[in-house]
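J.: The structure's right below; bear with me while I get my questions together.
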Amino acid sequence: MTPNSNESLEAVIQVAGLHKSYGQLEAVRGIDLRVHRNEVFALLGPNGAGKTTTVEILEGHRSRTSGDVSVLGYDPGKNDRKLKERIGIVLQSTGVERYLTVFETVDLFSKYYPHPLPVGDVIQMVGLGDQRKTLVRRLSGGQRRRLDVAVGLVGDPELLFLDEPTTGFDPSARRGAWEIVRNLRSLGKTVLLTTHYMDEAEALADRVAIMVKGRIVTEGVPSELTQRKGRTIIRFRIDGENVGLPEGLQLDQEVVNGAYSLTTDSPTHVLHLLTTWAVEKGIELEDLAVTRPSLEDVFVELTGAGPMEGEGM
Ligand code: ATP
C-alpha cells in the first residue's frame, strides 16, 4: 500500500474485518473502522471489550489474526519506520526517566524523530512551561500525564493515539487536558482516543464507536447517537408528599427526595398531560427540565453496564 496524500475526508485509519484471537479467546470479532484526517475519534467500551487490542494493532504493537488495516496508508503490522515517525503514542503510563527534567525528557525524545517540533513549544502547548526545569519525579500525576502527551507530540505526529488521557485527573486537570486535545485538532492533527468517561467523549470527539465483546455495536457523531435513541427525559421535583402521577405516565424509577424522572418517545403528549394535571391540582413542577439522553445513557443501554464499572480503573 502506498501512503495517501489527499485532503479533508481522507481516511487516516482504515480497518476492515479485523479479528484478533488470543488462543481460544476472540478478543476482536471482525470490526470495520474509518477515522478521517483532522478528527478526534473516540473508541469506547467496557473493560475487556477489545479497545486496547484494537488500538495496539493500529499502533503496530500487536499482530492481528486477520483483516485489513491501513494507518496513514501503511500496514502497521509491517513495522515500517516511516509510519512510526508520523504517529505519536501516549500510553496509560510512559516509562520516562524520573531523574531528568521536563525539558531534558522532551528533548531526549525529540532526537528520535526526523522533524521534531521545538521542545519549548511542545512544553508550552501541554501547559508545563513553568515546570520545564522540574525533575520528572517531582511532578504531580496530572503533570506527568501532560509530559506523556508532550513526549507523544514532540515528533510532530499527524496521528496521535491517546489512551485514557485523563484517568485519575481532578476536574480542573481534565479541563486542561481537553484544551490540549482541542488545540491538537486546531493544529490539523488526527486523534484516536480511548476513554472510560462518556462526558469526555461527548466533549471532545467528532465521532465515537462503542465496542462490546469484540464488536462495534454503534458508531457516529455523539449528538446523533443520543438523538437516534429517540427518547426524551423529563425531570422535575414536587415538594412534599408523593402525590403520584396522572394515569398513563410511567416513572423511570422510584421517587427519591421528591425527584421525578420520566423517559418518553412522545414528550409533547407527556408534557401536556403532566402540566395540565399539575395546573388542575395546583402543584408546582419545580426544576422542570426536558433533556435528551446523554452519551452515558446510550452507553449504559448498549453495554448493559456503567462505563465506570469493573476492574482496571
Ligand atoms: P480495558 O478497558 O479494561 O482496558 P479493553 O477494551 O482495552 O479493556 P482488551 O485489553 O483489548 O480490552 O482485552 C480484550 C480481551 O482480550 C479481554 O478478555 C482480555 O482479557 C483479553 N486479552 C488482552 N490481552 C491479552 C493477551 N495478551 N493474552 C490473552 N488475552 C488477552
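The values are calculated or read from the model by the stated rules, or taken from the named source; none is laboratory data. Since the structure is predicted, the reported quantities are computational estimates derived from the model, not experimental observations. Every residue, glycine among them, receives a Cβ derived from its backbone with ideal geometry; neighbour counts consider all protein chains shown. With ligands, DNA and RNA removed, areas are computed over all heavy atoms of the protein, side chains included. Shrake-Rupley method; radii C 1.70, N 1.55, O 1.52, S 1.80 Å.
J.: Hey, among the residues in region 34-61 that are open to solvent by 10 Å² or more (accessible area, probe 1.4 Å) and in a strand (DSSP E or B), which one's nearest to the ligand (Cβ to nearest atom)?
T.: Per the criteria, the residue is Arg34.
J.: Name the single residue, out of those in region 20-33 being part of a strand (DSSP E or B) and open to solvent by 60 Å² or more (accessible area, probe 1.4 Å), that is farthest from the ligand (Cβ to nearest atom).
T.: By that ranking, first place goes to Asp32.
J.: Give the residue, chosen from Lys189, Lys213, that is more than 30 Å from Pro157 (Cβ to Cβ) and in the same structural domain as Arg175 (by TED's automatic domain parsing).
T.: It is Lys213.
J.: Name the pairs: first residue in region 208-227 and within 28 Å of Arg64 (Cα to Cα), second residue away from the ligand (no atom under 16 Å from the Cβ), Cβ to Cβ under 6 Å, at least 6 apart or on different chains?
T.: Once the first residue is within 28 Å of Arg64 (Cα to Cα) and sits in region 208-227, its partners that are away from the ligand (no atom under 16 Å from the Cβ) give Val208/Pro222; Val221/Arg207.
J.: For Pro157, work out the one condition from (1) assigned to a loop (DSSP other than H, G, I, E, B); (2) open to solvent by 10 Å² or more (accessible area, probe 1.4 Å) it doesn't fulfil.
T.: Single failed check for Pro157: (2).
J.: Hey, can you tell me all the residues within region 283-298 that are open to solvent by less than 20 Å² (accessible area, probe 1.4 Å), part of a helix (DSSP H, G or I) and either within 14 Å of Ser261 (Cβ to Cβ) or at pLDDT below 85 (or both)?
T.: Val298
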